[in-house]
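S.K.: The structure follows.
The values are calculated or read from the model by the stated rules, or taken from the named source; none is laboratory data. All values reported here derive from a predicted model rather than from experimental measurement. Please note: Cβ atoms are built from the backbone with ideal geometry, for glycine as well, and neighbour counts cover all protein chains shown. Side chains are part of the model used for accessible areas, which takes the heavy atoms of the whole protein and leaves out ligands, DNA and RNA. Shrake-Rupley method; radii C 1.70, N 1.55, O 1.52, S 1.80 Å.
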Amino acid sequence: KFFYCTGVRLGYALSDPDTVTKLKQGKMPWTVTASAQKAGLNFLQNIERYRSRLPEMRTYRAMFTEEVRSTNVFAADCIFSGVNFLFCRLKNPEQGAQFYEFLLTKSILVRLCDNIPGTEKGFIRMQVKTPEEWGTLITALQDWAASLNASTR
């Protein structure tokens, strides 16, 4: 996710030989696809460029979090952040699918996390980008909040 390449699964583990042996016994027969390997090598060749962006990403994350919080769409105590994403639970978690569809009509794609085992309903993952890029999303969140307020009147 740090490299803005969701869906590419890469990782590694360091451990003692006994643990490595146990891990190998339970691993899937496929580990890393050729395309993921190629992407990973590209990431490693550009690691300094990504690291140089960390301070800016932290600033953007803080700004984005405040913008998202101000829309009043998400439960205030359920807004969590990663390096470049927010993981938030809707105030009305049962409306996750409708919220997702609403954003699609605005050409915005977020991750509805309802199908992730162990995750409560109504969690959404959104990527932190630049202020220019997230403006459309914030407007859509404000529109969603306004539609909820109008329906409760």
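S.K.: Return the pair list, or none, for Cβ contacts closer than 7 Å from residues in region 65-80 that are in a helix (DSSP H, G or I) to residues that are surrounded by 14 or more Cβ atoms within 10 Å (Cβ to Cβ) and β-branched (Val, Ile, Thr), at least 6 apart or on different chains.
M.R.: Every condition considered, the pairs that remain are Thr65/Ile79; Glu67/Ile138; Val68/Ile79; Arg69/Ile79.
S.K.: Give region 28-58 a look and list any residue that's within 17 Å of Asn84 (Cα to Cα) and part of a loop (DSSP other than H, G, I, E, B), or say none.
M.R.: Across region 28-58, the qualifying residue is only Arg53.
S.K.: Right, something else. Exactly one condition in (1) open to solvent by 90 Å² or more (accessible area, probe 1.4 Å); (2) modelled with pLDDT of 90 or more is not met by Ala97; state its number.
M.R.: (1)
S.K.: Just one of Arg9, Arg61 is on the phi < 0 side of the Ramachandran plot and either part of a helix (DSSP H, G or I) or open to solvent by less than 50 Å² (accessible area, probe 1.4 Å) (or both); which is it?
M.R.: Arg61
S.K.: Look through Ala39, Ala62, Ala97 and report the one residue that is under 23 Å from Pro131 (Cβ atoms) and either in contact with a Gly (Cβ under 9 Å, 6 or more places away or on another chain) or hydrophobic (A, V, I, L, M, F, W, C) (or both).
M.R.: Ala62
S.K.: Picking from Leu14, Leu44, Leu54, Leu23, which residue would you name as being surrounded by fewer than 15 Cβ atoms within 10 Å (Cβ to Cβ), free of Cβ contacts under 8 Å to residues at least 40 places away in the same chain and in contact with a Ser or Thr (Cβ under 8 Å, 6 or more places away or on another chain)?
M.R.: Being surrounded by fewer than 15 Cβ atoms within 10 Å (Cβ to Cβ), free of Cβ contacts under 8 Å to residues at least 40 places away in the same chain and in contact with a Ser or Thr (Cβ under 8 Å, 6 or more places away or on another chain) holds for just one of Leu14, Leu44, Leu54, Leu23, which is Leu23.
S.K.: Go through region 113-142 and report how many residues are in a helix (DSSP H, G or I), under 17 Å from Arg69 (Cβ atoms) and not aromatic (Phe, Trp, Tyr).
M.R.: Total meeting the criteria: 8.
S.K.: Now, a different point. Out of all the residues in region 100-149, which are open to solvent by 60 Å² or more (accessible area, probe 1.4 Å) and farther than 23 Å from Asn84 by Cβ?
M.R.: Glu101, Thr105, Pro117, Lys121, Asp143, Asn149
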